[in-house]
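First the structure, in the form of structure tokens, and then the observations on it.
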């Protein structure tokens, strides 16, 4: 999917235009690139522009854009979550649509036994009986099976394999495979590049080690693993278990109770189901969740994390994290330097142990605590701010209560001489 195809209708603050990046101080080369990529006057969504920068390997520009838009969005932190979760459902739907089980127009093949092995190119193999054993080593094979417990293997390129029976076992090692299964308890494996794998049955087990895989599952209890670069993984069933170790993965889940893990750089992870558990250890991750009770953790640098559901728990240990939450009762923690954290929901609890954090909470009754120097924070009505400083002998904490010792919706830092909270620019 191209950057233009993934663009959704964004909120005005999340629309990137030439005029906007010029006002942020974009370089001439960056402006020329944007003009060529997005010639429309109305610009494009932040997600679409980031996707295009990733495609064109402009990692420095991607980081610059993230910093620029976060500086702008910290004025209204609720929008931070919006831009991450927007479009995740579209991504999931697109991946599943692209990898739906395809009816295979297999030629009528008379089989005398359970084994049907064809090594020629362009083979057409069809089986409707149970316990079929089908093997093909030629390119452009078309294999279809409607019986239960089929075992299908293909080593040729551009194979198309379809199975509608329960308990199918499907393996492919050729490039460009198209594999579809609609039966329950399918086990599907692919090691070739450019595979497209779709499953609509319950309890699917899907694994891919080739680059640029497209994997979609709409059944419950799916287990999906990918180790190749550029994987696109979508799941709409409940209780999905998804893991990816390749760079540049795109993972979307719309079912409840998903567990998603990624260790590759540049992962984009979106979840719209409740009680998602998402973990990422690669740098430059982009994680969005719109369901309740999300648990999100990231240990890579420059993570961008957004959550719009209530009761989110978000943790980041990498440098340069950008974290936004718009749901109530959020729990946010960051231990890396240069974190930028925004929350617009009520009763947020936000903590940072990294240097030079910038934290803003616009919801009521927020608690903000920073235990390393250089932090700046802003709280709304009912909130309080606790910022660390050092008096030359020992570390101390300066505390301000909105409505008593500090103003609402005003940035504060600690005066390093007096230890008092003072008004500052963001």
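With closer than 20 Å to residue 302 by Cα and more than 29 Å from the chain's Cα centre (by Cα) as the only criterion, which of 374, 392 stands out?
374
With the structure loaded, tell me whether residue 301 is at pLDDT 90 or above, under 22 Å from residue 340 (Cβ atoms) and either in contact with a helix residue (DSSP H, G or I) (Cβ under 8 Å, 6 or more places away or on another chain) or not in a strand (DSSP E or B) (or both) or whether it fails that test.
It is true that residue 301 is at pLDDT 90 or above, under 22 Å from residue 340 (Cβ atoms) and either in contact with a helix residue (DSSP H, G or I) (Cβ under 8 Å, 6 or more places away or on another chain) or not in a strand (DSSP E or B) (or both).
Looking only at residues in the range 222-235 that are over 15 Å from residue 266 (Cα atoms) and crowded, with 19+ Cβ neighbours inside 10 Å, which one is modelled with the lowest pLDDT?
Per the criteria, the residue is 234.
Going by what's in this entry, would residue 368 be described as touching a strand residue (DSSP E or B) at 6+ places or on another chain (Cβ under 9 Å), part of a strand (DSSP E or B) and under 23 Å from residue 70 (Cβ atoms)?
In short, yes.
Can you name the number of the only condition in (1) in a loop (DSSP other than H, G, I, E, B); (2) in contact with a strand residue (DSSP E or B) (Cβ under 7 Å, 6 or more places away or on another chain); (3) surrounded by fewer than 23 Cβ atoms within 10 Å (Cβ to Cβ) that residue 388 fails?
Looking at each condition in turn, residue 388 falls short on (1).
If you check 369, 413, 379, 361, which single one turns out to be within 22 Å of residue 291 (Cα to Cα) and modelled with pLDDT of 90 or more?
Selected residue: 361, the only one of 369, 413, 379, 361 that is within 22 Å of residue 291 (Cα to Cα) and modelled with pLDDT of 90 or more.
Return the total of residues in the range 29-49 being under 21 Å from residue 71 (Cα atoms), part of a helix (DSSP H, G or I) and either out of contact with any helix residue (DSSP H, G or I) (no Cβ under 6 Å at 6 or more places or on another chain) or modelled with pLDDT of 90 or more (or both).
Count: 5.
Quick one: would you say residue 295 is within 29 Å of residue 353 (Cβ to Cβ) and at pLDDT 90 or above?
yes
Would you check if residue 169 is closer than 24 Å to residue 202 by Cα and free of Cβ contacts under 8 Å to residues at least 60 places away in the same chain?
Spelling it out, residue 169 is indeed closer than 24 Å to residue 202 by Cα and free of Cβ contacts under 8 Å to residues at least 60 places away in the same chain.
Hey, among 216, 255, 201, 183, which residue is touching a residue at least 40 places away in the same chain (Cβ under 8 Å) and buried (at least 24 other Cβ atoms within 10 Å of the Cβ)?
Just one listed residue meets the conditions, 216.
Is there a residue in the range 396-406 that is exposed (fewer than 12 other Cβ atoms within 10 Å of the Cβ), modelled with pLDDT under 95 and assigned to a loop (DSSP other than H, G, I, E, B)?
No, the conditions are met nowhere in the range 396-406.
Within the range 262-297, how many residues are crowded, with 24+ Cβ neighbours inside 10 Å and assigned to a strand (DSSP E or B)?
12
Just give me the residues in the range 204-213 being part of a loop (DSSP other than H, G, I, E, B), touching a strand residue (DSSP E or B) at 6+ places or on another chain (Cβ under 9 Å) and surrounded by fewer than 24 Cβ atoms within 10 Å (Cβ to Cβ), in sequence order.
Answer for the range 204-213, where residues must be part of a loop (DSSP other than H, G, I, E, B), touching a strand residue (DSSP E or B) at 6+ places or on another chain (Cβ under 9 Å) and surrounded by fewer than 24 Cβ atoms within 10 Å (Cβ to Cβ): 209, 212.
The values are calculated or read from the model by the stated rules, or taken from the named source; none is laboratory data. Here the structure is a predicted model, which means the values were calculated and not measured. Heads up, the Cβs are rebuilt from the backbone with ideal geometry, glycines too, and the neighbour counts pull from every protein chain shown.
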